[in-house]
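Since the structure comes first, as structure tokens, the remarks are kept for the end.
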Amino acid sequence: MRIRPPPKSIRGKALHYLEERWPYLIRVLEDGRLELSNNLAERSIKPFVIGRKNFLFANTPHGAQGSAVIYSIIETAKANNLDLYRYLTWVLTNAPILASGKEEWAAALLPDHTPDHCRSI
């Protein structure tokens, strides 16, 4: 017979928390590719949280879309260890040229296709 602590006690609350999340814990332990915490995701959205008040000035849909595009480009560069200045220079120089060509032009600007000089050392 197992003795269970009272549900309102600190230990009881901790055990209840563990029981509720047990399937997720097991999944993380079974698959080494999964992260135990979401700290990386939390850090990647921090600039959005800090700049939230600045977004009030993007008072048009086009302004909001422009902000979203720039933030996406910057965060993608950071996540792929690219030199931010060089990558932005390369993207902003090549995007107009590529956009006048084929329909899938944006894929050519993804980090997999960046030249070596855009990579951080």
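Shape of the stretch 1-54 from the C-alpha gyration tensor: oblate (a/c of 1.5 or more and a/b not above b/c, with a ≥ b ≥ c the square roots of its eigenvalues). With the cut-off at 1.5 for a/c, could you classify the stretch 27-107 from its C-alpha gyration tensor as rounded, prolate or oblate? Oblate, because a/c is 1.5 or more while a/b does not exceed b/c. Given a 10 angstrom Cα cut-off, can you work out which residue in Leu88, Leu109, Leu34 is the most mobile in a GNM of the chain? Looking only at Leu88, Leu109, Leu34, the largest GNM fluctuation is found for Leu34.
Springs between Cα atoms under 10 Å define the GNM used for the chain, and in it the highest mean-square fluctuation of Leu18, Leu56, Leu29 occurs at Leu18.
Please give the Cα centre distance for the stretch 10-34 versus the stretch 35-54, rounded to the nearest Å. Result: 24 Å between the Cα centres. Between Glu42, Glu20, Glu104, where does the largest GNM mean-square fluctuation fall for the chain, given springs only between Cα atoms within less than 10 Å? Its mean-square fluctuation being the largest, the pick is Glu20. For the stretch 29-121, the relative contact order works out to 24 percent when only alpha carbon pairs closer than 8 Å and six or more residues apart are counted. For Ser44, what charge total do you get from the other residues with a beta carbon under 12 Å from its beta carbon, if Lys and Arg give +1 and Asp and Glu give -1? Combined, the nearby Lys, Arg, Asp and Glu give +1. Backbone N atoms of the stretch 14-50 closer than 16 Å to the 7 Å Cα→Cβ label point of Ser67 belong to residues 45-50. The alpha carbon gyration tensor of the stretch 60-114 gives principal lengths a ≥ b ≥ c with a/c of 1.5 or higher and a/b no greater than b/c, which makes the shape oblate. For Arg119, the residues 5 or more places off, or on other chains, whose built amide H falls under 5 Å of its own are Asp83.
Bear in mind that the values in this text are calculations on the coordinates, not laboratory data. None of these values were measured; they are calculated from a predicted model. For neighbour counting, all protein chains shown are included, and Cβ atoms are generated from backbone atoms with ideal geometry for every residue, glycine included.
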